[in-house]
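As structure tokens, the structure follows; a few thoughts come after it.
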């Protein structure tokens with residue numbers, strides 16, 4: 001059974017296809033291809049598993065392939081240039097399309113290449129990780145990392161379609177599956193308390209890869225993401241709520257060295273830190289914090305940041321964040337389970353306490 005959702009963006013609207021064994025279905029690709037030149041961008045891990053299947057769905061199309069090294073550490077301008085090189089060497093025109101076959105790193109890089117090549121060409125997302133299927137493949141955020149900050153160079157560029165084949169999760173390492181659950185949990189916390197309750201009671205099935213449970217989690221996550229993106233495509237308002245845990249998380253990823261913490265692992269700890277600060281502000285109770293930390297831990301994710309990342313280093317890294325306006329750091333915080341807000345209205349001492357600065361206040365993370 002295949003589910004089809006729509007991201008409603010007027011003339012830029014597109015479909016999200018979610019199903020088992022849909023990777024080779026030509027009818028999901030062809031309606032979204034304007035020309036007959038397609039460049040598949042993938043990586044060394046995914047290519048041996050799924051490249052031939054995608055090619056089978058594109059028989060008769062002029063295909064090219066770029067196989068990039070695998071990992072967050074390679075999400076750089078230097079590696080991205082390999083995509084431009086391949087497009088130019090094959091003389092791909094403005095009616096070409098790119099297919100991003102892989103996880104969030106590949107999706108971000110291929111999407112950014114599509115946004116920039118000849119000032120913008122089409123691309124299709126074919127996400128193969130849970131994190132990409134529930135979050136990064138939807139919404140049009142593309143980009144690369146900079147040594148000073150994650151995802152600081154990029155563009156909004158919507159895909160023509162998202163094709164999420166749940167069978168690809170069968171080959172996903174356990175650690176990567178858990179990392180994807182952080183983004184699933186996020187949707188429940190920011191806007192969907194019923195979904196958070198459902199996640200809490202289905203974590204065992206999710207971690208054991210029950211197909212029906214995973215499909216339901218992916219579908220509901222994409223429904224949440226599609227609604228938010230349709231209402232606020234370029235993050236001028238409510239879309240910023242999707243960054244719950246991400247300002248803390250991006251600081252962890254950068255501070256620990258790209259790739260040492262997976263994105264979802266850093267977001268999991270970051271969500272707990274955002275909840276910790278929300279308790280200090282009196283917006284949620286300690287019981288809520290305990291419940292949130294319990295769900296994050298049950299998902300197989302860290303609930304605390306690296307011990308060797310000081311409060312000062314955290315603040316330095318968090319200052320390089322896209323939500324900083326007029327020099328003020330804004331954070332996504334919680335006013336309840338299912339209710340989030342973006343706020344700069346917090347005392348620096350409370351933030352420092354959450355970051356673990358000695359003498360700044362009582363740590364709540366033992367809950």
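The values are calculated or read from the model by the stated rules, or taken from the named source; none is laboratory data. On a predicted model such as this, the values are computed, not experimentally measured, just so you know. Every residue, glycine as well, gets a Cβ built from its backbone with ideal geometry; the counts of neighbours run over all protein chains shown.
Residue 282 meets the conditions (1) touching a residue at least 12 places away in the same chain (Cβ under 8 Å); (2) over 20 Å from the mean Cα position of the chain (by Cα); (3) at positive phi in every case but one. The failed one is (1). Can you tell me how many residues within the stretch 304-332 are within 21 Å of residue 185 (Cβ to Cβ), at pLDDT 90 or above and surrounded by fewer than 20 Cβ atoms within 10 Å (Cβ to Cβ)? Counting residues in the stretch 304-332 that are within 21 Å of residue 185 (Cβ to Cβ), at pLDDT 90 or above and surrounded by fewer than 20 Cβ atoms within 10 Å (Cβ to Cβ) gives 2. Among the conditions (1) under 14 Å from the mean Cα position of the chain (by Cα); (2) surrounded by fewer than 20 Cβ atoms within 10 Å (Cβ to Cβ), residue 180 misses just one, which is (2).
Listed here are the residues, each with its yes/no results for (1) surrounded by 17 or more Cβ atoms within 10 Å (Cβ to Cβ); (2) over 18 Å from residue 127 (Cα atoms).
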{"position": "161", "(1), (2)": "yes, no"}
{"position": "189", "(1), (2)": "yes, yes"}
{"position": "195", "(1), (2)": "yes, yes"}
{"position": "201", "(1), (2)": "no, yes"}
{"position": "233", "(1), (2)": "yes, yes"}
{"position": "245", "(1), (2)": "yes, yes"}
{"position": "248", "(1), (2)": "yes, yes"}
{"position": "257", "(1), (2)": "no, yes"}
{"position": "261", "(1), (2)": "yes, yes"}
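When residue 6 is tested against (1) in a strand (DSSP E or B); (2) surrounded by 14 or more Cβ atoms within 10 Å (Cβ to Cβ); (3) under 22 Å from the mean Cα position of the chain (by Cα), just one condition goes unmet, and that condition is (2). Of all the numbered requirements in (1) without any contact (Cβ under 8 Å) to a residue 12 or more places away in the chain; (2) touching a strand residue (DSSP E or B) at 6+ places or on another chain (Cβ under 9 Å), residue 240 misses one, and that requirement is (1). Residue under question is residue 290, and the condition is that it be surrounded by fewer than 18 Cβ atoms within 10 Å (Cβ to Cβ) and on the phi > 0 side of the Ramachandran plot; does it hold? Considered against the rule, which asks whether it is surrounded by fewer than 18 Cβ atoms within 10 Å (Cβ to Cβ) and on the phi > 0 side of the Ramachandran plot, residue 290 comes out as no.
Just one of the listed residues (47, 90, 110) is farther than 26 Å from residue 177 by Cβ, at pLDDT 95 or above and touching a strand residue (DSSP E or B) at 6+ places or on another chain (Cβ under 7 Å), namely 90.
Which condition breaks for residue 194 when tested against (1) in a helix (DSSP H, G or I); (2) touching a strand residue (DSSP E or B) at 6+ places or on another chain (Cβ under 8 Å)? Condition not satisfied by residue 194: (2). The single condition among (1) at pLDDT 95 or above; (2) in contact with a helix residue (DSSP H, G or I) (Cβ under 8 Å, 6 or more places away or on another chain); (3) in a helix (DSSP H, G or I) that residue 290 does not satisfy is (2).
Taken together, the residues in the stretch 227-245 that are on the phi > 0 side of the Ramachandran plot and touching a helix residue (DSSP H, G or I) at 6+ places or on another chain (Cβ under 6 Å) amount to 1. Only one entry of 251, 256, 231, 205 meets the criterion of being in contact (Cβ under 8 Å) with a residue 60 or more places away in the chain and either more than 18 Å from residue 178 (Cβ to Cβ) or more than 15 Å from the chain's Cα centre (by Cα) (or both), and that entry is 251.
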